[in-house]
């Protein structure tokens with residue numbers, strides 16, 4: 001990294017290399033002092049044991065604190081559905097649970113029951129209309145959402161899976 | 001059954017190997033060569049996967065293996081074909097390629113050996129440089145460990161990139177039905193596909209959608225960013241200042257923290273910084289034409305990484321037109337630069353516009369929309385300003401850059417104002433664009449985007465600060481040369 005000064009001892013007082021060493025050391029010291037919390041955070045990765053807390057937080061930024069109960073409900077629903085299934089979820093088009101269901105249940109397709117930004121709690125008729133519009137055979141409903149009478153509940157959880165016909169019999 | 005870890009490592013190793021002939025073709029050397037080998041490798045492999053999708057060949061290990069062989073063969077042939085005439089051997093094509101492979105291996109080993117021995121020599125007399133190199137290496141290692149150990153938790157990481165990578169892997173390619181699928185509109189099917197394709201590349205080699213097998217991609221992008229930043233500074237100020245600069249870069253907490261999260265912002269920063277580094281490394285015309293063109297290629301690939309890449313492309317091209325004649329770059333060279341970048345960047349955007357791929361994050365940038373939402377601008381600008389002041393995210397970077405900028409303006413000693421343009425223009429555009437957010441809560445959109453948008457400008461602010469600090473001394477002074 002760089003050559004020696006011609007005719008100069010490295011590190012001789014007042015020499016550029018000497019000044020560089022001091023400048024670099026001072027810069028590093030400043031950055032390390034300022035970034036000390038970050039260093040502490042990083043050290044966790046070099047220690048044995050889990051780095052994830054129960055709420056899903058981690059020493060690296062996660063702007064999406066995950067809800068394990070919701071994820072588990074979608075996983076369970078996915079396990080009961082064929083890969084080609086299409087479901088409607090009782091959430092609007094901007095709700096993250098809809099995004100999460102689409103992600104976890106893929107390649108199954110999930111649609112929100114409405115394209116509005118804040119759809120509120122849907123009625124049984126809303127769910128039925130959405131299922132017909134999307135050619136869906138299943139619905140993911142929270143507790144409190146009225147279920148259409150034509151559906152059969154297959155799973156229980158943060159979101160319950162309802163199907164038009166028992167999965168696999170189609 | 002082949003274990004997943006070796007296959008994941010194989011997938012990662014094939015990427016820089018694919019890019020190496022193209023980096024050599026571009027006449028890149030040293031740290032910039034290694035950075036470019038990774039960045040170009042990712043670019044050509046993703047481009048090859050797009051071609052496979054176009055001809056409806058599903059992604060499989062065999063298909064990707066054949067694609068890789070084709071890429072590296074084309075690279076070696078091009079490298080031989082475009083070598084200066086004096087260096088051509090006159091042997092047959094196959095023999096030349098075989099010779100080129102042999103040369104690459106020898107060249108790489110020689111470079112490693114000479115770099116290693118030179119480094120050892122200087123480290124003996126320069127312990128502070130050793131400390132800085134250890135810090136850089138530790139930070140890269142940290143991002144790798146974080147990438148492997150922490151699951152995808154960031155919203156954009158799973159909803160934008162991994163979702164699409166997983167879908168491309170499941171579907172065996174990019175399908176028009178997905179791009180026009182309004183059920184997946186939250187995942188922005190129209191976003192550029194480079195990162196999802198690389199994720200699909202890893203999943204195909206591994207044989208499973210295991211995010212820990214693809215997240216090292218992002219750590220390697222981080223390493224490429226650090227190398228590119230080092231190379232850019234090295235061209236301007238010598239190796240010792242470059243090491244110090246790289247060390248400052250890796251000690252910016254936000255960049256390092258985001259490197260392993262599966263977000264595309266660090267890869268975007270790597271492409272943009274590599275473009276700047278290549279432009280600087282090219283030196284004044286008439287030399288460095290190929291290196292300068294590689295800068296355009298990096299900018300084109302930046303636009304294939306994230307929409308934001310277009311902002312940097314849109315910043316660079318007018319600047320090049322404006323300052324090109326002052327630094328002796330001819331109009332034809334400027335045009336070649338623009339064409340090279342556009343040829344890589346624009347096909348995807350034209351295609352998704354043609355098929356009307358749905359997108360809904362932003363309102364159209366029409367005069368009436370801009371006027372109607374202008375009341376949002378002060379609040380958004382304030383959020384950006386407050387973010388820059390967060391020492392726990394950016395260390396002292398923005399304070400130092402601001403002080404040096406004010407001082408330089410007062411004393412009329414502003415050096416490298418182009419670097420400031422790469423901070424001010426993108427940030428100004430983001431403030432305007434976010435005022436047109438279509439989210440129900442536009443401030444949520446701003447708060448979840450601000451630090452990642454700022455991230456790509458941070459290396460330029462740091463570069464500017466270093467240039468200003470060096471302003472009164474000779475650039476090479478610290479080298480003792």
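Values as computed for the structure displayed
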{"item": "Qualifying residue in the stretch B:256-276 (condition: within 14 Å of chain A (Cβ to nearest Cβ), in contact (Cβ under 8 Å) with a residue 12 or more places away in the chain and closer than 17 Å to residue A:28 by Cα)", "result": "yes"}
{"item": "Among residues of the stretch B:157-170, those that are surrounded by fewer than 21 Cβ atoms within 10 Å (Cβ to Cβ) and either closer than 18 Å to residue A:58 by Cβ or more than 8 Å from chain A (Cβ to nearest Cβ) (or both), counted", "result": "0"}
{"item": "Test result for residue A:97, outside any loop (DSSP other than H, G, I, E, B), free of Cβ contacts under 8 Å to residues at least 40 places away in the same chain and closer than 30 Å to residue A:127 by Cα", "result": "no"}
{"item": "Single condition residue A:127 does not satisfy, out of (1) closer than 23 Å to residue B:160 by Cβ; (2) more than 14 Å from chain B (Cβ to nearest Cβ)", "result": "(1)"}
{"item": "Identity of the residue in the stretch B:436-481, at pLDDT 80 or above and outside any helix (DSSP H, G or I), that ends up farthest from residue B:425 (Cα to Cα)", "result": "B:440"}
{"item": "Residue ID - farthest from residue A:130 (Cα to Cα), chosen from residues in the stretch B:172-184 that are in a helix (DSSP H, G or I) and more than 8 Å from every other protein chain (Cβ to nearest Cβ)", "result": "B:176"}
{"item": "In the stretch A:111-124, the residues that are more than 14 Å from every other protein chain (Cβ to nearest Cβ) and free of Cβ contacts under 8 Å to residues at least 24 places away in the same chain", "result": "A:123"}
{"item": "Criterion violated by residue B:132 - all others in (1) out of contact with any strand residue (DSSP E or B) (no Cβ under 9 Å at 6 or more places or on another chain); (2) more than 24 Å from residue B:227 (Cα to Cα) satisfied", "result": "(2)"}
{"item": "Hits in the stretch A:127-150 (condition: in contact with a strand residue (DSSP E or B) (Cβ under 7 Å, 6 or more places away or on another chain) and modelled with pLDDT of 90 or more)", "result": "A:127, A:130, A:131, A:134, A:135, A:136, A:137, A:138, A:139, A:140, A:141, A:142"}
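Conditions (1) over 17 Å from residue B:346 (Cβ atoms); (2) out of contact with any strand residue (DSSP E or B) (no Cβ under 6 Å at 6 or more places or on another chain); (3) at pLDDT below 95, marked per residue:
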site	(1), (2), (3)
B:253	yes, yes, yes
B:257	yes, yes, yes
B:274	yes, yes, no
B:281	yes, yes, yes
B:285	yes, yes, yes
B:299	no, yes, no
B:305	no, yes, no
B:318	no, yes, yes
B:331	yes, yes, yes
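Let's see how each residue does on (1) in a helix (DSSP H, G or I); (2) under 17 Å from residue B:248 (Cα atoms); (3) at pLDDT below 80; (4) more than 7 Å from chain B (Cβ to nearest Cβ):
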{"site": "A:25", "(1), (2), (3), (4)": "yes, yes, no, no"}
{"site": "A:31", "(1), (2), (3), (4)": "yes, yes, no, no"}
{"site": "A:50", "(1), (2), (3), (4)": "no, no, yes, yes"}
{"site": "A:71", "(1), (2), (3), (4)": "yes, no, no, yes"}
{"site": "A:74", "(1), (2), (3), (4)": "yes, no, no, yes"}
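The values are calculated or read from the model by the stated rules, or taken from the named source; none is laboratory data. Since the structure is predicted, the reported quantities are computational estimates derived from the model, not experimental observations. For neighbour counting, all protein chains shown are included, and Cβ atoms are generated from backbone atoms with ideal geometry for every residue, glycine included.
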